[in-house]
1. So, in the stretch 38-57, how many residues would count as being closer than 20 Å to VAL12 by Cα and hydrophobic (A, V, I, L, M, F, W, C)?
2. Being in a helix (DSSP H, G or I) and within 23 Å of TRP31 (Cβ to Cβ) narrows it down to one residue among GLY67, GLY105; which is it?
3. From (1) over 30 Å from GLY109 (Cβ atoms); (2) part of a helix (DSSP H, G or I); (3) in contact with a helix residue (DSSP H, G or I) (Cβ under 7 Å, 6 or more places away or on another chain), pick out the condition that doesn't hold for LEU25.
4. I'd like the full set of residues that are under 14 Å from VAL4 (Cα atoms) and in a helix (DSSP H, G or I), limited to the stretch 44-58.
5. What single numbered condition from (1) part of a helix (DSSP H, G or I); (2) out of contact with any Lys or Arg (no Cβ under 9 Å at 6 or more places or on another chain) fails to hold for GLY61?
6. Quick check, is ALA39 in a helix (DSSP H, G or I) and within 14 Å of the chain's Cα centre (by Cα)?
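Derivation of every value follows stated rules applied to the coordinates shown; laboratory data play no part. Keep in mind it's a predicted model, so treat the numbers as computed, not measured. A quick note on method: Cβ atoms are made from the backbone with ideal geometry, for glycine too, and the neighbour counts reach across all protein chains shown.
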Amino acid sequence: MWLVVDLLLVAVFAVIGRLSHYDSLTAAGWWTTAWPFLAGTVVAWAALAVARRPPAAVTSGVVVWVGALVGGMVLRQASGQGTATAFVVVATLVLGALLVLPRLGARFGARG
């Protein structure tokens, strides 16, 4: 379940990014923005699987966050897309919130 949640949240990140910088949202435009971060997310999930980490753990959320962010930025740079400092900062904060906070909520919600 968490893999699907993470991929959906990264997809939402790309939608928000496209809508905040362009007047319209197209599938091609969304894909251009999304694929590097989706690929980074999948690589992070592969690392979690190899390490046998529980996907709902907050630390797993951090791994996915770092994977999506670093993988996404490396792939954006390699594909000729921008990696301006302001974009990296915003992506760091938004992806962190999207990928870690749900796990914190699930963890503390399960206690209550």
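1. 7
2. Values: GLY105 fails: within 23 Å of TRP31 (Cβ to Cβ).
From the options GLY67, GLY105, the qualifying one is GLY67.
3. Going through the list (1) over 30 Å from GLY109 (Cβ atoms); (2) part of a helix (DSSP H, G or I); (3) in contact with a helix residue (DSSP H, G or I) (Cβ under 7 Å, 6 or more places away or on another chain), LEU25 breaks only (2).
4. Going residue by residue through the stretch 44-58, those that are under 14 Å from VAL4 (Cα atoms) are 44-46, 55-56.
Listed by number, the residues that qualify are ALA44, TRP45, ALA46.
5. Unmet for GLY61, out of (1) part of a helix (DSSP H, G or I); (2) out of contact with any Lys or Arg (no Cβ under 9 Å at 6 or more places or on another chain): (2).
6. On the way: in a helix (DSSP H, G or I): yes; within 14 Å of the chain's Cα centre (by Cα): yes.
So ALA39 fits the description; yes.
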